[in-house]
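Quick notes on the structure that follows.
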Amino acid sequence: LYGSNPVCVGMALAGKMNGQDYRVYTVMGDGELAEGSVWEGAMAACQYKLDNLCAVVDRNRLQISGNTEDVMGHDDLHERFGAFGWHVIDVADGNDIDQLHAAFEEAKTVKGQPTVLIANTVKGKGSSVMENKANWHHKVPNEEELAQIRKDLAERKEAALHG
């Protein structure tokens, strides 16, 4: 699920109460962390030892209104989630599939507490049109932009396959 941290807490708690072994995953943007309901959910997840819950924070430092640090600055997210009783995994490059995979594998081994991955990402990575630009939060590309995005991503794919 995207966002709705409290909803995911409820889903994870229901799984525990019903003796199910499924895991619940949620993705939150760093701008979303300004919402009080996120932290209410974080407290509940710790209280109920929801080790079947894994949250991912997309830490790209951009939100619809601009830079997250200008709109509602974040202190050390590792420290904050840790203070809320979560196991924290810092993912240095959240755009790197191997790093994410390793973090998810680690999260599966954590017992007695929920886990959060702080994934440091670059919004629109790989596209000269979109990369690190806040206005792409809710934007639809025109034909020219779409052609450039496709070209940029095709070049990155070629470089990755043959580089």
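Placing +1 on each Lys and Arg Cβ and -1 on each Asp and Glu Cβ, with no other charges, gives the chain a dipole about its Cα centre of roughly 440 debye.
Taking R0 as 45 Å, what's the FRET efficiency between His137 and Thr109 from their Cβ-Cβ distance, rounded to 0.05? Step by step, r from the Cβ atoms, then E = 0.85. Projecting the Cα atoms of Ala160, Val110, Leu33 onto the charge dipole of the chain, computed from C-beta unit charges around the Cα centre, puts Val110 farthest toward the positive end.
Rank these residues by their accessible area, most exposed first, probe 1.4 Å: Thr115, Thr121.
Thr121, Thr115
Helical content alone sets the calculated 222 nm signal of the chain at -13000 deg cm²/dmol, taking -39,500 (n - 2.57) per DSSP H segment of four or more residues and averaging over every residue. Here the extension length gained between Lys151 and Ala83 equals 20.1 nm, from 0.36 nm per residue of separation less the Cα-Cα distance. Heavy-atom accessible surface of the chain, averaged per residue, reaches 56 Å², computed with a 1.4 Å probe. Within a straight-line Cα-Cα reach of under 25 Å, Lys125 can be paired with the following lysines, leaving aside sequence neighbours fewer than 8 residues apart in one chain: Lys133, Lys139, Lys151, Lys157. Of the residues Met28, Met130, the one with the largest accessible area comes first in the ranking Met130, Met28, computed with a 1.4 Å probe on protein heavy atoms. Magnitude of the charge dipole for the stretch 117-163, about its Cα centre and with charges confined to Cβ atoms of Lys, Arg (+1) and Asp, Glu (-1), is about 200 debye.
The values are calculated or read from the model by the stated rules, or taken from the named source; none is laboratory data. This is a predicted model, so every value here is computed, not measured. Every residue, glycine among them, receives a Cβ derived from its backbone with ideal geometry; neighbour counts consider all protein chains shown. The area values use the complete protein model at the heavy-atom level, side chains included, leaving out ligands, DNA and RNA. Shrake-Rupley method; radii C 1.70, N 1.55, O 1.52, S 1.80 Å.
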